[in-house]
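Just below is one structure, and these are the notes that go with it.
Rule-based calculations on the coordinates, nothing more; no lab input. Here the structure is a predicted model, which is why all the values come from computation and not from measurement. Cβ coordinates were reconstructed from backbone atoms using ideal geometry, including for glycine residues, and neighbour counts include every protein chain displayed.
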Amino acid sequence: MHENILTDLEAFGTKLTLKEENCKSISTFGEAKKTLGKCAKLREDFETISEKIIPQLRRYETKVKKLTEAIDKDGYQGLEDGFEE
């Protein structure tokens, strides 16, 4: 996987954790409501993005495993050999 993807995911997790820590110091209901709304939207957007990309990543991983297995096979015919869409 491209190293920038991992770096970006790690940065997202770190920032989210810091935001969670900052939430502990909220002292007013209005501020809490605003922060809750933002966090709910962040969660929803992350879930939407993940729902779109995770199945593709799983297919990618499966195909890379097949290619890895094909290294030792005689008669490998290319991508058509066991790569259904």
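Here are the numbers for the structure shown:
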quantity	calculated
Modelled FRET efficiency - R0 41 Å, E69 with K33, Cβ distances, 0.05 increments	0.15
Distance from segment 52-68 to segment 1-42 (C-alpha centre basis), Å	29 Å
Between helix 29-70 and the chain: long-axis angle, C-alpha atoms, 0 to 90°, nearest 10	10 degrees
Estimated distance in nm for a label pair at L9 and Y60, the labels positioned 7 Å out from Cα along Cα-to-Cβ	1.0 nm
Long-range Cα-Cα pairs in the chain (distance over 23 Å), rounded percent	50 percent
Helix-only mean residue ellipticity at 222 nm for the chain, each DSSP H run of n ≥ 4 adding -39500 (n - 2.57), per residue, nearest 500	-27000 deg cm²/dmol
Using alpha-carbon coordinates, inclination of helix 3-23 to the longest axis of the chain, degrees	20 degrees
